[in-house]
1. For the range 557-647, which trypsin sites (Lys or Arg not before Pro) are in a loop by DSSP, counting at most 15 other Cβ atoms within 10 Å?
2. Is there a quick way to get the dipole size of the range 253-635? I mean about its Cα centre, with the Cβ of Lys and Arg at +1 and of Asp and Glu at -1; what is the value in debye to the nearest 20?
3. Treating cross-link reach as a plain straight distance, find the lysines whose alpha-carbon is under 24 Å from the alpha-carbon of Lys534, omitting any fewer than eight places away in the same chain.
4. Do you know the relative contact order of the range 253-635, to the nearest whole percent, from alpha carbon pairs under 8 angstrom that are 6+ apart?
5. Percent antiparallel among DSSP beta bridges with both residues in the chain, to the nearest 5?
6. Would the range 253-635 count as rounded, prolate or oblate if I go by the C-alpha gyration tensor, calling it rounded below 1.5 in a/c and otherwise prolate when a/b exceeds b/c, oblate otherwise?
7. Would you calculate, for the chain, the mean residue ellipticity at 222 nm contributed by helices, counting each DSSP H stretch of 4 or more residues as -39,500 (n - 2.57) and dividing by all residues, to the nearest 500?
8. Residue by residue through the range 162-171, what is 3J(HN,Hα) from phi via Karplus (6.51 cos²θ - 1.76 cosθ + 1.60, θ = phi - 60°)? Round to whole Hz and write x for glycine and proline.
Amino acid sequence: MRRTRADTDASHTRLTRRAALLGGAQLLFMGGLAARMRYLQVDQADQFRLLAEENRVNIRLIPPARGEIFDRNGLRLAQNVPSYRIVLVREDAGDVEAVLDRLAQLVRLDPETRARATAEINRSAPFLPVTVIDDVSWEDVSKVSVNAPALPGITPEVGLTRVYPRGEDFAHVVGRVGRVSQKDLDALEDPDAVLRIPRFQIGKINVEAREEGLLRGSAGTKQVEVNATGRVMRELARREGQSGADLQLTVDANLQSYVQARLTGESAAVVVMDCTNGDLAALVSAPSYDPNLFIGGISSRDYNPLLNSEYRPLVNKTVQGTYPPGSTFKMMTALAAIEEGIIGPDETTYCPGHLEVAGRRFHCWKRAGHGWVDLKTSLKQSCDVYYYDLAVKVGIEKITAMANRFGLGIKHELALSSVAAGLTPTKQWKRSNRGAEWVVGDTVNSSIGQGFTLASPLQLAVMTARLASGQMVTPRLVKSVDGIERPSEPGAPLGLNENNLRQMRRAMYEVVNDRRGTAYRSRIIAEDMRMAGKTGTSQVRNITAAERARGVTSNADLPWNRRDHALFVCYAPYEKPRYAVSVLVEHGGGGSSVAAPIARDVMLQALAGGDPPLEAYPTGVREEIREQQERLRALMPRSSDDGSDRA
């Protein structure tokens, strides 16, 4: 049917309207798109430029230089030295095993080190450098550099590593560092990002660990440009971090080395403490070990002998070890009784060689007994029965309270690992920990430092320093931080009757200087160095009635680990106390024969600031001491001639 002109005009009108609507919609869409493009390219340009930069620029941490550690005289105990290492980049090496084979022909690459490096290479991204060998010599670096064309992907690098120039002399004081482990990270609530740097080292024990926050410092940063795969293209900017603080300890390195040499062959501990301010001049646990072996990871060949030794070289016996203090504890029992007015210094007790208490016989070390003894004589000859009798009268609670006042049974806060609190028991302690009631026999045993009573050599030194000074002297190990002195005070008075303390000091003087004293053979004869002290021998086994009847077995006839511990505590000079010394020799036998001579030699070395004059010793032992001094000097390290071991 033929369309009319009116129909054609109407159809054209409708098409024109639709075209206009469609064109308008297209214009609106294009306008919106243009506006959005302008918003993204102009208005948001800075933000997207920043995001692009963040994808292109990485912020990386620069490990800080660790603070160094010095002794009281400025001798270095822990320092940082340049260390060369050899690293490998897997993508540049190609055949990694072939490259490592060629490297092993030039430098020493043992199977254990190679296996560890290979495992790390396989775990890491192919473009990241992985350390193959740590702490190589300059000669090895030269060999690798000369043969670089044959060693693709291998590069020598230089960094800083920790070194302990005094080796085993300070292993139990300074401690050591090691690589950060997952256990270390898990122990921290919010680990510092620097701890995640590969092979970063932190303190593991003792001062290195306890003062980690000061020694570590703060990391620096560098901006590096990386490509899409994460490979570093160039360094853009750098901000250096802050080195860790330097620490100065109270310990005298030369005295420490002397004591370590003097204890050669023993399983023992010695503490030397300044009576005036609590400074620890020496803290020696023997035998020791070389902490440098642990820096890059110790081998099983080196570690197993340390772990399995019956002398326990990995344990710091000065603060971790707790032992029955034996007769060195008798001053506490005596002071508890005399302060309560239970007994006077001149009152006597009869010692027939034993005391019957609650149907049980407690023996004195002298089987025939000491006869009538007063306070001074009982301490001088170390009569046990005198203290058994005092303990029954005064009771365990007052004995323990007195011991606590002198630093026993108290954990002293020091920058050392695993400082033990020891044990000064009470009735409630036994009820809570042993599920049994306290009996009078427990008090009798405690009165002579046996039974449940335990103390560390550090605590015995604190006790002796407080006896000598009459002050609440507190031990101090860190002297200063970056040259700023840490506070040191003699402490408040003990609050005891001064006359009672004088009586105790006089009795300790006669232990060493009276011919009938148990330590007379270890006396000092120089008038300005006279020493007061107390011997101690603590049992580590029970002696049966049958053994007593036939005669107690001599220590020399027992296996080493069944022998008594030998102890001695002392201070000097008697008139004006400067140092207190405690000595413990594990399974050493007698305190008078083994521990006292060591304490005398250490005390004289501390007072003289080096080898003392032979005139300080009794005439009969001077030749022996002269030979001993020569032998020990050969064992002691010497300061470097160029002064590199000084601050």
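What follows draws every value from the coordinates through simple rules; no lab data is involved. Predicted model only: the values in this text are computed from it and were never measured. Counting neighbours? That spans all protein chains shown, and the Cβs are built from the backbone with ideal geometry, glycine included.
1. On the way: sites: Arg562, Arg563, Arg578, Arg600, Arg622, Arg626, Arg631, Arg633, Arg638, Arg646; in loops: Arg563, Arg578, Arg638.
Loop-located and lightly packed - Arg638.
2. On the way: 44 positive and 38 negative charges, 162 e Å.
About 780 debye.
3. Lys317, Lys330, Lys366, Lys376, Lys380, Lys393, Lys398, Lys411, Lys576
4. Values: 785 pairs, mean separation 76.2, N = 383.
Computed value for the range 253-635: 20 percent relative contact order.
5. Numbers: 77 of 80 bridges.
Just about 95 percent of them are antiparallel.
6. Values: a/c = 1.38, a/b = 1.30, b/c = 1.06.
Judged from the Cα gyration tensor, the range 253-635 comes out rounded (a/c under 1.5).
7. Values: 22 runs with 230 residues, N = 647.
Value at 222 nm, helices only: -10500 deg cm²/dmol.
8. Karplus-based 3J(HN,Hα) across the range 162-171 equals 7, 9, 10, x, 8, x, 6, 4, 10, 4 Hz.
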